[in-house]
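Peer 1: Let me begin by handing over the structure; questions about it come next.
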Amino acid sequence: MARAGALSAGVMLGVASLAGSVLANPVRSRLTTIELKACTVLQRHTDGNAYRCSGLKGYPIYFAEGDLRSFVSFGPSPATRRAAKQTLRPFNTVFEPRRTRATVEWRFRRVAGADQPYAAIMRLFTSNGSAKGEVLVVTRITAGDACHAAYIDAKANVDAMAMARAAADDLGADVACGGEPKVIGARGKSPM
């Protein structure tokens with residue numbers, strides 16, 4: 001009986017410690033933008049250029065266009081990460097029609113006084129013939145890599161942004177780069 005009480009007290013102390021660290025270090029979001037005029041051109045190409053843009057401190061953004069598709073990666077040396085070669089199958093862009101700015105939502109924690117992102121969320125505007133849509137792309141960010149973790153059809157899901165944030169928080173820490181991104185929620189309204 002005494003041993004069970006000590007075990008319960010130890011478990012409760014561990015849970016309280018974990019809860020305290022989570023409360024002291026909650027998940028946060030911050031928005032940044034990709035504005036090509038403020039980015040550095042890395043490579044020029046007739047199909048589209050490659051750029052290095054500002055993101056969170058220590059986590060620049062790689063953005064490239066090619067074959068009417070967008071490629072976006074995050075973190076130190078972002079052009080060398082897996083996400084720099086990932087995109088959706090249909091034609092897509094990070095820019096809304098007649099706009100030159102795209103928004104990135106970073107999911108991060110404060111660690112030792114610095115922002116440590118583990119995921120980024122971007123909206124891609126897709127088209128496949130006459131069909132047009134919007135897909136939220138959740139990108140996993142680690143110290144050594146970045147990769148697409150999840151896709152959400154923003155037109156088929158009323159709460160698509162909440163789903164993307166939940167996917168970032170749930171998948172962000174556990175998805176190893178190398179697997180296929182998960183399609184989350186309803187689909188069929190946006191080309192994916």
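Peer 1: Give region 96-123 a look and list any residue that's open to solvent by less than 10 Å² (accessible area, probe 1.4 Å) and touching a Gly at 6+ places or on another chain (Cβ under 9 Å), or say none.
Peer 2: Across region 96-123, the qualifying residues are V104, W106, P117, A119, A120.
Peer 1: Now, a different point. Can you name the number of the only condition in (1) under 13 Å from S190 (Cβ atoms); (2) hydroxyl-bearing (S, T, Y); (3) not in a strand (DSSP E or B) that S127 fails?
Peer 2: It is condition (3) that S127 fails.
Peer 1: Same structure, new question: Tell me the residue from T40, T87 that is within 16 Å of the chain's Cα centre (by Cα) and modelled with pLDDT of 95 or more, please.
Peer 2: Working: T40 fails: within 16 Å of the chain's Cα centre (by Cα).
So the residue among T40, T87 that is within 16 Å of the chain's Cα centre (by Cα) and modelled with pLDDT of 95 or more is T87.
The values are calculated or read from the model by the stated rules, or taken from the named source; none is laboratory data. Since the structure is predicted, the reported quantities are computational estimates derived from the model, not experimental observations. No Cβ is skipped: glycine too gets one built from the backbone with ideal geometry, and neighbour counts run over all protein chains shown. Only protein heavy atoms, including side chains, enter the accessible area calculation; ligands, DNA and RNA are left aside. Shrake-Rupley method; radii C 1.70, N 1.55, O 1.52, S 1.80 Å.
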